[in-house]
């Protein structure tokens, strides 16, 4: 992957930790300039350390992707610092769960505000920026999930939100094809991110399991036999952003150890 993104400016949302931070690191190693956005007012310790080692090619901009004006400000600040955005890694998302009959309107609104509304308008506004700027080789990588491939009894809103990401990826790819801008997605399986501590605790609550048991079980159930690491997403993320994927669009690639076959 060395220097395969040389000369590109990548905007990454939800990238202060977990998969987003791993991909930001990979993009930097591949030669890209990176603008990282997340909800926190200050970068995390891990992101701050990465910024210290890449002072000229990495910048952090706090952003709430549910606020349209903040997305506009993010794009303006990012392009002022590093030039036109050529790559979007659209990753900001939240997770929550409850039994279907107990899931309330507040949970629905919260999940869809970030995972669907936020993801769509970040994508739309970055794509508009690419078109206006005449970006050559523009690429969007939307983060879906294996949850978007099927429903789950306890995870209905999250599954639906990620199914929407897959659908928007297809629609946007068709809309952007005349502009030679590619739009693809990645559907990770179970990945050992910091968010899994909360996920595991929720499953423990609703399935009456000891803490840690759900994480252990889902890892063992993966055909490859283990839960993935955030770095396992990086190869696909770099490839889809690179010119090596120049004839690939409207696809959502499963990176899940064999959990989903499609």
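The values are calculated or read from the model by the stated rules, or taken from the named source; none is laboratory data. Only a predicted model underlies this, so the values are computations on that prediction, with no experimental measurement involved. Using ideal geometry, Cβ is built from the backbone for each residue, glycine included, and neighbour counts are taken over all protein chains shown.
Observations on the model:
- Members of segment 251-262 found to be in a loop (DSSP other than H, G, I, E, B), in contact (Cβ under 8 Å) with a residue 12 or more places away in the chain and in contact with a strand residue (DSSP E or B) (Cβ under 9 Å, 6 or more places away or on another chain), listed by number: 251, 256, 257, 260, 262
- Looking across 165, 190, 183, one residue alone is touching a strand residue (DSSP E or B) at 6+ places or on another chain (Cβ under 8 Å), crowded, with 21+ Cβ neighbours inside 10 Å and under 23 Å from residue 105 (Cα atoms). It is 165.
- Leading residue by the ranking (farthest from the chain's Cα centre (by Cα)) among those in segment 210-235 that are crowded, with 16+ Cβ neighbours inside 10 Å and without any contact (Cβ under 8 Å) to a residue 60 or more places away in the chain: 214
- Scanning segment 30-78 for residues that are free of Cβ contacts under 8 Å to residues at least 24 places away in the same chain and more than 25 Å from residue 238 (Cβ to Cβ) yields 41, 42, 67, 69, 70, 73, 76.
- All positions within segment 230-250 that are assigned to a loop (DSSP other than H, G, I, E, B) and touching a helix residue (DSSP H, G or I) at 6+ places or on another chain (Cβ under 8 Å): 248, 249, 250
- In the condition set (1) at pLDDT 95 or above; (2) farther than 15 Å from residue 91 by Cα; (3) surrounded by fewer than 18 Cβ atoms within 10 Å (Cβ to Cβ), residue 261 is compliant with all but (1).
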